[in-house]
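One structure is given below, encoded as structure tokens.
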Amino acid sequence: MPSDRVLIIGGGPAGIEAARNLADLGIPVTIVEARERLGGMPIHAQYAALTPDLEDAETAMNRRIEPLLGHPLVDLRCNSAVTGSSGTAGDFRVRVAVGGKEDVVPAAAIIVATGFQHFDPGRETQMYGYYEFDDVITLPDCEKMLKEHKVVRPSNGQPPECVAFIQCVGSRDRQIGNEFCSKVCCGIASKEAIEIRQQLPNCKVFIFYIDMRMYGYWENELYWPAQEKHKVNYVRGIVSEVLKKGDRLVIRGEDTTLGRPVEAPMDLVVLSVGMEPSKGTREMAKLLGLPQNPYGYLDTVGVPLDTVSTAVEGVFAAGSCTGPADLEDSISAGATAAMRAAVLLRKKRAGAEARG
Ligand SMILES: Cc1cc2nc3c(=O)[nH]c(=O)nc-3n(C[C@H](O)[C@H](O)[C@H](O)COP(=O)(O)OP(=O)(O)OC[C@H]3O[C@@H](n4cnc5c(N)ncnc54)[C@H](O)[C@@H]3O)c2cc1C
Ligand code: SF4
């Protein structure tokens, strides 16, 4: 008898939302999560606060996670890995390993929600010196400091007086093959800039950008308040180099509005690193035979009208494993994938009943 279970790979925002919807429909789910707990990047990377209202990230995520813990229809497997899969839509057999033990989970459908990883600025084509200078950090590094209310220069533990964000690090860069926009980093940099101004009111904050790409309502929720209320300085310009002078950093580049070179001392430089598919996303693509786009993200077949179906019937993909996505996108895709999986399950069951 084929299973009526859905197996979800990845317990981040997209996977959690898929699980919640399926369990609410009375459909049993197994969540396979590689890390020790649910929550995905907002928990793992210790985000401070979430857009748009700056709610504490852990509190917000826990509200989504808690209903799944101990839920009778949710079989949660953390520190686990999918090691193999056979069968077809309606009747998959997925091998799941935890702590050296392996078992086979029968599932009618599979939802892949294996997410993204942050761009490694060691691959940056400009010269920003992430691995050379302690006071050059990334957006997720800054999230951790904001969460602890301890935004300091790593080199000396002192609060910075002047901070610069550099946008589009690892995105919109043909030389490294990441031509895409990562969608969230303009908004996240603006959010972090607001939080720095709230935590360190005497600190000057600059955001250097090619062009600001605020996503939907983030324009009025983050961009304008950052400038008007929190006095964050937006500078249209290209920073080509970060140097060290004495115990401070100097950023060098061009102000493209004024058409003149810029050279400014800074205490802390935050690189707005973009999104790339996670290692787990690439591995699951291979294991399940899912086509990937040139950047390694999972290809969905019906875009723009179907964002979750893959080329393999019965296997759906949701969230940032399919491309750069904010939380709203990821959650919506998780819910859509859950619905598509539920439809498939009901059709298979109706077919089986009709055949007697
Ligand atoms: C610095 C920063 C701050 C951000 N802040 C915000 C914000 O405030 N608001 C907002 O809307 N968006 C924000 N985002 C974007 C947000 O992080 C993503 O939209 C969201 O995390 C995507 O959710 P996801 O479930 O698709 O992926 P992820 O969060 O990456 O979760 C994927 C999960 O899958 C697991 N996994 C991976 N591979 C495997 C595997 N093979 N087997 C089992 N499990 C696996 C991972 O361990 C992880 O738990 C931010 C992004 C950055 C870079
Ligand atoms: S969201 Fe902004 S910083 Fe991120 S890649 Fe797009 S334009 Fe660049």
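The values are calculated or read from the model by the stated rules, or taken from the named source; none is laboratory data. Predicted model, so just to flag it, every value in this text is computed and none were measured. Every residue, glycine among them, receives a Cβ derived from its backbone with ideal geometry; neighbour counts consider all protein chains shown. Note: areas computed on protein heavy atoms with side chains; ligands, DNA, RNA excluded. Shrake-Rupley method; radii C 1.70, N 1.55, O 1.52, S 1.80 Å.
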message: Could you tell me how many of the residues in the range 86-97 are touching a residue at least 60 places away in the same chain (Cβ under 8 Å) and assigned to a strand (DSSP E or B)?
response: 5
- prompt: For the subset of the range 179-200 comprising residues that are open to solvent by less than 20 Å² (accessible area, probe 1.4 Å) and more than 9 Å from ligand 2 (Cβ to nearest atom), which member is farthest from GLU148 (Cα to Cα)?
  reply: SER190
field: Residue check for ASP247: in contact (Cβ under 8 Å) with a residue 24 or more places away in the chain, within 20 Å of ILE137 (Cβ to Cβ) and surrounded by fewer than 14 Cβ atoms within 10 Å (Cβ to Cβ)
entry: yes
- prompt: When residues of the range 98-134 are filtered for being closer than 24 Å to SER182 by Cα and either buried (at least 23 other Cβ atoms within 10 Å of the Cβ) or touching a residue at least 40 places away in the same chain (Cβ under 8 Å) (or both), how many remain?
  reply: 19
query: Considering only the range 201-220, how many residues are more than 16 Å from PRO159 (Cβ to Cβ), in contact with a Lys or Arg (Cβ under 9 Å, 6 or more places away or on another chain) and either in a helix (DSSP H, G or I) or open to solvent by 50 Å² or more (accessible area, probe 1.4 Å) (or both)?
result: 4
statement: For ILE27, the lone unmet condition from (1) in a helix (DSSP H, G or I); (2) crowded, with 19+ Cβ neighbours inside 10 Å is (1)
query: Just wondering, is there one or more residues in the range 262-282 that are more than 16 Å from ligand 2 (Cβ to nearest atom), surrounded by fewer than 16 Cβ atoms within 10 Å (Cβ to Cβ), closer than 30 Å to CYS162 by Cβ and not small (Gly, Ala, Ser)?
result: yes
Criterion violated by LYS231 - all others in (1) at pLDDT 95 or above; (2) assigned to a strand (DSSP E or B) satisfied: (2)
task: Can you work out which of the residues in the range 168-178 that are open to solvent by less than 40 Å² (accessible area, probe 1.4 Å) and at positive phi is nearest to ligand 2 (Cβ to nearest atom)?
output: CYS168
